[in-house]
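Each remark here refers to the structure printed beneath this line.
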Amino acid sequence: MDKNNIPEEVTVTPVIRDIERLINKLVSSIWYLIRGMASGLVLLLQFNIKHLKLILPIVIVAMIIGFASVNFIPRTYSSNLLLRLNVESEGQLYSDVGYFNSLVQEEKLDELAKLFQISEEDASSLKNFEIKPHSSYREKLDIINNIYRELDSATYQHIDFDLLLEGGFSAVSSRFMIEVVSTDQKIFSKLESSLLTYLERVPELQKMKQDEVSRLFYEKEILMEEMNRLDTLKKVYNQALLEKAKSDKGASAGTTVMLGQQKEGSSLNPLDIYNKYLYYSKEVSRIDQMMSALDNVYDVHAHFSDFGAKSGAGRSLRALYAAIMGLIFSYAIVGLFSISKKGNA
């Protein structure tokens, strides 16, 4: 029989039957799985009831231990201080934070208390100091753009800029976050002032800051001189326009004035003067902002919070975790007893 003459029902029906078989197998498998889980839960419940006298005391004791564990393993809290570097002080900042950690690890409470102007009891609550880069994506782009301008093409080909943008590399960050971990939730507000004073103590950093201020001041003076020259130029230009207006009985909108000995075809346009003056004004404003930020080596962008954020498990979660561990432990004990009885038999 020609394939084109085969009825549609004959070709479609086997496919439908195959689909029905697959669906039936899937439903059966799910049903067997549900029945198996239900049977397992019933067996587990029967097992727990049978050995309740052994399991229940172990679970209760475990829960009590977990609930009371905060007394000998206190819960920790954390808070962050975000700093912006106004000079190249990244290496010194990492070194200082490392020093704080060494004091904590060596439990030199007297030195910690003296450094942060706190009691030794408060110092004992400090558990860790950590520093990491914390610049935004746009800040990283700006820094990478500055790096790109200073690189030759051969060096540029060997740098993975995508990796620099995605990774936490200090080389492309001007802001750093210091995270402090403590068992005292209220200690963080006591640390900030003394911590910043210690970070600012380094004479070399102060000299770098002063050198940067001097450089910016000199750059500002040059810009101010250029602005004064433009002011003088505007006055001369305006006077020239007045003189020309008197002589010509009116000045056209496209009037230009030739000042001094200039090359043929060159002229002075008032719009050029205005644009240059506006550019210099913006630069002076930018320098003023940079100089105001240079009052300190580190500029604080986010302070420590008065109360630290909770980290780790509290009493309730510890009690729950301990109960689960106690339940598993009791099952192990019951299993060992069963194996021991079979061996003796």
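The values are calculated or read from the model by the stated rules, or taken from the named source; none is laboratory data. What you are looking at is a predicted structure, and each value in this text was computed from that prediction instead of being measured. Cβ atoms come from the backbone with ideal geometry, glycine included; neighbour counts cover every protein chain shown.
Of all residues in segment 295-345, how many are surrounded by 15 or more Cβ atoms within 10 Å (Cβ to Cβ) and hydroxyl-bearing (Ser, Thr, Tyr)?
Adding up the residues that qualify gives 5.
Going through 64, 58, 30, 23 one at a time, which residue ends up being part of a helix (DSSP H, G or I), in contact with a Gly (Cβ under 9 Å, 6 or more places away or on another chain) and surrounded by 10 or more Cβ atoms within 10 Å (Cβ to Cβ)?
58
Do any residues in segment 74-85 that are in contact (Cβ under 8 Å) with a residue 12 or more places away in the chain have Cβ atoms under 7 Å from those of residues that are crowded, with 18+ Cβ neighbours inside 10 Å and aliphatic (A, V, I, L, M), where the two are at least six apart or on different chains, and which pairs are they?
Once the first residue is in contact (Cβ under 8 Å) with a residue 12 or more places away in the chain and sits in segment 74-85, its partners that are crowded, with 18+ Cβ neighbours inside 10 Å and aliphatic (A, V, I, L, M) give 76/181; 78/180; 78/181; 79/180; 80/178; 81/178; 83/178.
Being over 30 Å from residue 185 (Cα atoms) and small (Gly, Ala, Ser) is the filter; apply it to segment 312-345 and report the residue that is modelled with the lowest pLDDT.
For segment 312-345, the residue satisfying everything is 345.
Do you know which of the residues in segment 112-139 that are surrounded by fewer than 19 Cβ atoms within 10 Å (Cβ to Cβ) and among the hydrophobic types (A, V, I, L, M, F, W, C) is farthest from residue 197 (Cα to Cα)?
113
Name the single residue, out of those in segment 87-106 being without any contact (Cβ under 8 Å) to a residue 12 or more places away in the chain and either polar (S, T, N, Q) or not in a helix (DSSP H, G or I) (or both), that is nearest to residue 203 (Cα to Cα).
Ranking the qualifying residues of segment 87-106, first place goes to 95.
Could you run through segment 93-111 and say how many residues are crowded, with 18+ Cβ neighbours inside 10 Å and either among the aromatic types (Phe, Trp, Tyr) or within 27 Å of the chain's Cα centre (by Cα) (or both)?
Within segment 93-111, residues that are crowded, with 18+ Cβ neighbours inside 10 Å and either among the aromatic types (Phe, Trp, Tyr) or within 27 Å of the chain's Cα centre (by Cα) (or both) number 6.
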